[in-house]
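Sharing a structure below in structure tokens format, with a few things to ask.
Coordinate-derived values only; no laboratory data. All of these numbers come straight from a predicted model, not from anything done at the bench. For neighbour counting, all protein chains shown are included, and Cβ atoms are generated from backbone atoms with ideal geometry for every residue, glycine included.
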């Protein structure tokens, strides 16, 4: 009791002091000698070379805890009880910490950039580390790239860090990207990296975001607001990732969100508005050209021509179906954040609204999100943090479509394939449904406009942590977090559309409504103990032990109904329907228990070693092999610190050598994969549905981890006072015990079994060069060059298996093969050599077996020289994996003007242009590619495309496996930041305007819409197939950023 | 006082202790899917396991075409003189079947093999496990016999299509390939098993209540057994089975109208001995009956999924033959426009039997509620005529049998006084006309032996690549790669 009274007294006194201090603020001149405030210091902080003001610099009085932070214009003011003179410690990331003695007169402090960035702190798994001590391969995405407008942050990783490959799967707003770090390790399962957001390990499973969805899949990562992100670190080698054990094999992406800073209360408002246009359209036949193609088909069928010359002329250019659904579409983003902190706590509150309309009618993406990050020092020993994030995103997707029984991922392809002789709209503006070539009285444009296909994702990610310093060097940290993703899918195909409806069309089902809902939950608890101690002043030790448990479950259901009396209630009242379809539901859960340990030891920050170990127990694996152990070792040597290096330091001022080796794992298989499962099937008895139950999977109690063993050698170099810095890495990865669906002899009643068989290797080099080309007070030019090359190879697929063909769409021949010695997912087809001439038919030129070939047909190459073209002549035609990828980012600053130009490219990757195959295959109903204008006819024998016949067999040929190397000008942005004085005049701390263009141009030989394409989304074995996806766009936008 | 309670280390330790005990167990106990150890306990489990055996006839685990409903037809109709590939067949492997250029890696030949064995495995599981379930013994015996009927049917298809085949009678328990290697069993051994299974199945009930209509019956077992004996040319045995069916009080007869064989409303009728069950208008659980895709669209530029080999197939029929308009169409009434749409191109007329005209709108023909007849009474009558002719020559009984079929088709009796050979040829011609698209033609051609199959195909110019090796399909390439004990059929190496 006595103590608390005493405390109250102190508090009361403090209040009085503070009140006086406030009162005296404006009259400090007269009261300079008041005993309470001994000193007031004002001044500003600037870069020693560029003389640009630096904000957020921390200024602290030596020997006290009192500190302030500079404003964005570099200014600060300091009021303290300390007497002049005293020593001020000025520190800021990337700059040398400075100590100066101040005497009370206003000062300008010039900070020099660090000679080396080695004193920077790098975020690692379960902690951070001085850059000088790092032994592994870690890359960060630059602030410049993180500032680019994007719907989802995975889009921003492209070209951001060496060793990471990102492919936009389609242009659908909110769509997915395929992300690979140092190539794909697995054939059948899980090649995506692990995402760790503010310490929370996110199970990024897009299945959670796609409940019985129709069309392209939704991207679970798009629920996260990219502008909340402060930094993105990419962990690549085993030394960095082994601490994540069984989930580290595909690399780890560590995302840290923005936090409040002590002493600064900022209100930030950012907004941009832009317009998107379609980047590219396909060249198709016009009305007259198409009609004459049909006549050629008729001729080859031996029937009379369909159209006479007058009719052909009358068709003229015909209808532009491809363009009919396209328009320029707006994109809009705004966000408001309030952040700040006091002595004991830091906070950031942000809200974001993002709205991207699609360039195709009735498609788009919208997101609302909010975040609260809070940190509180309860005492000097005890700190708590909380990061809470919630978002709601609504995606309007194009319905998928089936055109002449070919299933496309979106309805845009069916527009492309609609004949130009069909009119789009009637004279009265209504949709023309009387297309003589259509199977049903429908209109593909109306299908797009009238079909509702929306997916709403609600996500809450909350993570709390408490840190307690048991001893000065010993910290206990307990974190607990939860990630909840709720998905709601709504679909309605009206009765007057050909939109897909449960295997049929809206027209056939007389209206089809579907609802789906999924709930995925994951919780994580981690407990770590960190010991951080310096022995003497030479031995630096950081040791970590911990254990963690993560649990994940998911439940989903879908239900649908059809035969609606009208299209008024859509999916909102299924009870109007005439037929209720059998609903589906599913549930799964899995858990992972882990024990982890790591030792970082450094001698003089010159010789460093990292040892890490993690034991993971996964519920998904066979009962004999639940637990796996993953260890790594990494060493590094800062050669430049050696005495013998001193003479060289004028040229090479930093040199670091890194070596690491270790193992990580992968067990991203569905739960229950090791068990003997039975599944339901249906039959009809007495005209009624009955359920049958039969096994679909043989138990494999030995099922275990995929193990990736990785070796890495790295070199970090700095030249010219570190104005040029280079990071170079070479690596070799071998993944063994692949989780592979191994083919079984079919007479067993099973097609395959999940086993640990086979191996895959990835080897490559990568480097990044950062260069400050020009650095003057007025003008600054920086460049970043990033280069990555990876070679992927299947080493083995088990005994007696040299290759297998991944499952192709029903009725199609697989265009890809997985074969020992080749990259995973290699295209497999025929070489061609122009067209057959009349002479070829009689001179023994090998012809395609089985199909009578004529002059003007494709001439295939008899690669095994057996005199006949059979499937044995198919061979590797390259793969979607690039030989190398690179990016170049240049930023220029001149006074307040900033310009950034970002190129990104890929070389040596192939795309199978499956849409082109369809467009070059004449039928009597669908439109065709303009390449058919150069088709063989008896009058035009010197042609590039085979003669027109009725639905020739579509073969996979070298002609369709196109070189999809590209160079894209991904982003150009030009901004102007107002001078601080001007901004201050309108009571702002900072004001910036900018304009930017994304995807301004693409240089490529690829003839499809975009060389970046993955029709099969993240399917490892079927990358780089273009079966008609949502077109990509070019975006022009303008924005502003205000700090209050 | 307060201080000790709120000391942070206490909180943290509490959290740790709490979470340590919450540490999740790693065993899996799925709630949404059945594990084998939970199954085969109840009578209902036993019934479900046999329902699954039936479902292997009308579905595919990967959503591919079903065995009966198209896949089998790709081999026994497309590779016969009834059909050639349609322009809409984009798969070169399908086209190869139509022009006799298929090789061991043909994916459709592999698919049929796979579907047959998938059904056999399900039957094996039921046969081995149903007896151990605690349920009514009469029911258990019936269920096992139903599974044996299907196993017999599937092995009968296998042995006729591929010759010597692995004879697998129990489910595999291991994922290790070394434990799964078997050799091909001689055709005779496979037939022994088929006959044993089907003989056991003859003890099945003659009839079922409405709810169980579609299950295998005693009559179906006798009929299939008769067909097995006919294929093996064991005429007296075949005759004995046929007599049982015709005179054993089963009550089978021909529908008065041929059309009723292929109507949704008359399914499981008096003529149907065993049919694979299809259903339409059940929403998303319709089975795909791709044979109904002979009608795909009112758009006359769109080709159906299957087309006749050439006009000669259509021209087999006299205009009076009622089977012609049931088997083919060249015009369809479009209710949406109120007009008839006439299809006239190089591939007309199209096949009609499995088009489900109860569906409205009509153009949704990946589904059909028309059952696929595996054995119907017309087949029994024609087999009877064939068998009697082989034993006693073309006597009155033989004539009587074939003429029943002809009379129902509204055509005149067969010319009296034919020689035994001429009579046999007439029976096979009648079979061809009666069963177009019903999966008989390839079997009927091949089982006659000699060059009959090759000669028949040579008459179709596109099928000129046919040779004597084609009287068996090749063992799928991948099977031989995985199991080197498997030999290949002659001519395919």
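Can you give the Rg to Rh ratio of region A:291-406, both from alpha-carbon atoms, with Rh computed by the Kirkwood formula?
Reported Rg/Rh (Cα atoms, Kirkwood Rh): 1.44.
Report, to two decimal places, the Cα Rg of chain B normalised by 2.2 N^0.38 Å (N = number of residues).
1.14
Report, in degrees rounded to the nearest 10, the 0 to 90 angle that the Cα long axis of helix A:287-301 makes with the longest principal axis of chain A.
50 degrees
Let me ask something else about it. Multiply the residue gap between residue A:937 and residue A:833 by 0.36 nm, knock off their C-alpha separation, and tell me the result in nm, one decimal place.
35.7 nm
Report the full-extension gain for the segment residue B:467 to residue B:243: residue separation times 0.36 nm, less the Cα-Cα distance, to one decimal in nm.
That pair, residue B:467 and residue B:243, stretches by 76.9 nm at full extension.
With r as the distance between the Cβ atoms of residue A:679 and residue B:42 and R0 = 22 Å, compute the FRET efficiency 1/(1 + (r/R0)^6) and round to 0.05.
Approximately 0.75, to the nearest 0.05.
Follow-up question, since we're still on this one. Measure off 7 Å from each Cα along the Cα-to-Cβ vector at residue A:732 and residue A:719, then give the distance between these two points in nanometres to one decimal.
Going by the 7 Å Cα→Cβ label model, 2.9 nm.
If you take the alpha carbon radius of gyration of region B:283-341 and divide it by 2.2 N^0.38 Å, what ratio comes out, to two decimals?
In units of the 2.2 N^0.38 Å rule of thumb, it is 1.34.
Obtain the radius of gyration and the Kirkwood radius of region A:101-238 from its C-alpha atoms and give Rg over Rh.
Reported Rg/Rh (Cα atoms, Kirkwood Rh): 1.09.
So if I take the centroid of the Cα atoms in region A:425-477 and the same for region B:31-51, what is the distance between those two points in Å?
After rounding, the separation between the Cα centres reads 38 Å.
Roughly what % of Cα-Cα distances in the protein assembly as shown sit above 45 Å, to the whole percent?
51 percent
Could you please tell me the mean projected area of the C-alpha convex hull for region A:455-609, averaged over all directions and given in square nanometres to one decimal?
13.9 nm²
Right, another one. Cα convex hull of region B:205-314: how many Å³ per residue?
174 Å³
Any idea how far apart residue A:864 and residue A:799 come out in nm if each label point goes 7 Å out from Cα toward Cβ?
Result for the modelled spin labels: 2.6 nm.
Something else: Label region A:1000-1044 by shape, choosing from rounded, prolate and oblate, from the square roots a ≥ b ≥ c of the eigenvalues of the Cα gyration tensor; if a/c is under 1.5 it is rounded, and otherwise prolate applies when a/b is larger than b/c, oblate when it is not.
prolate
Further question on the same structure: Let me know the Kirkwood hydrodynamic radius for region A:738-837, please, with Cα pairs as the basis and the value in Å to one decimal.
Hydrodynamic radius (Kirkwood, Cα only) of region A:738-837 equals 17.9 Å.
Work out the FRET efficiency for residue B:425 and residue A:553 from their Cβ-Cβ distance, taking R0 = 56 Å, and round it to the nearest 0.05.
E(calc), rounded to 0.05, equals 0.25.
Follow-up. Largest first, please: the extent of the C-alpha atoms of region A:180-311 along each principal axis, to the nearest Å.
82, 43, 29
A further question follows. Exposure proxy check: B:223, A:350, A:339 ranked by fewest other beta carbons within 10 Å?
The fewest-first ordering by Cβ neighbours comes to A:339, A:350, B:223.
What value, in deg cm²/dmol to 500, does the helix sum -39500 (n - 2.57) over DSSP H runs of n ≥ 4 give at 222 nm once divided by the residues of chain A?
When only DSSP H runs of four or more count, the value is -2000 deg cm²/dmol.
Please say if region A:263-306 is rounded, prolate or oblate, where rounded means a/c under 1.5 for a ≥ b ≥ c the square roots of the C-alpha gyration tensor eigenvalues, and otherwise the choice is prolate for a/b larger than b/c and oblate otherwise?
prolate
Next question. Give me the one-decimal Kirkwood hydrodynamic radius in Å for region A:665-715, with the sum taken over alpha-carbon pairs.
Hydrodynamic radius (Kirkwood, Cα only) of region A:665-715 equals 14.8 Å.
Then there's this: Given the Cα atoms of region B:417-462, and with Rh set as the inverse mean 1/r over their pairs in the Kirkwood sense, what is Rg to Rh to two decimals?
0.99
Mind putting together the pair-distance distribution for region A:870-926? All Cα pairs, 10 Å bins, whole percent per bin, short to long.
16, 22, 24, 18, 12, 6, 2
Relative to the longest principal Cα axis of chain B, at what angle does helix B:107-129 sit, 0 to 90 degrees, rounded to 10?
Relative to chain B, helix B:107-129 is tipped by roughly 60 degrees.
Checking the a/c ratio against 1.5 first, then a/b against b/c, what shape does the Cα gyration tensor give for region B:342-391?
Note, shape of region B:342-391 comes out oblate.
Would you work out the Kirkwood radius for region A:246-354? I mean one over the mean of 1/r across all pairs of different Cα atoms, in Å.
Across region A:246-354, the inverse of the average 1/r is 20.6 Å.
Here's another thing I want to ask about it. Show me the ranking of peptides A:946-956, A:541-551 by mean Cβ neighbours inside 10 Å, starting with the highest.
A:946-956, A:541-551
Order of A:747, B:252 from fewest to most other C-beta atoms within 10 Å?
Ascending Cβ contact count within 10 Å gives the list B:252, A:747.
Which order do A:871, A:691, A:858 fall in if you start with the one that has the fewest other Cβ atoms within 10 Å?
So the ranking, lowest neighbour count to highest, is A:691, A:871, A:858.
Using only alpha carbons, build the gyration tensor for region A:386-520 and give me the equivalent ellipsoid semi-axes, biggest first, whole Å.
50, 13, 12
Enter the Cα centre distance for the pair region A:325-360 and region A:527-558, rounded to the nearest angstrom.
Taking the Cα centre of region A:527-558 as reference, the centre of region A:325-360 is 32 Å away.
Need one number: the % of Cα-Cα pairs in region B:138-203 sitting beyond the 16 Å mark.
52 percent
Compute the relative contact order of region B:429-493 as a whole-number percentage, counting only Cα pairs closer than 8 Å that sit 6 or more residues apart in sequence.
Here the relative contact order equals 19 percent.
In nm, to one decimal, how far is the modelled label at residue A:317 from the one at residue A:894, with both set 7 Å along Cα→Cβ?
4.2 nm
Something else now. Could you work out the equivalent-ellipsoid semi-axes for region B:93-149, taking the square root of 5 times each eigenvalue of the Cα gyration tensor, largest first, in whole Å?
Taking √(5λ) for each Cα gyration eigenvalue gives 38, 10, 6 Å.
Say R0 is 45 Å: what FRET efficiency, to the nearest 0.05, do residue B:265 and residue B:173 get from their beta-carbon distance?
0.45
Calculate the length of the line joining the C-alpha centroid of region A:118-178 to that of region A:713-784, in whole Å.
If you average the Cα positions of each part, the centres end up 13 Å apart.
Follow-up. At 0.36 nm per residue, minus the direct Cα-Cα distance, what do residue B:189 and residue B:333 gain on full extension? Give it in nm, one decimal, please.
Between residue B:189 and residue B:333, full extension yields an extra 46.6 nm.
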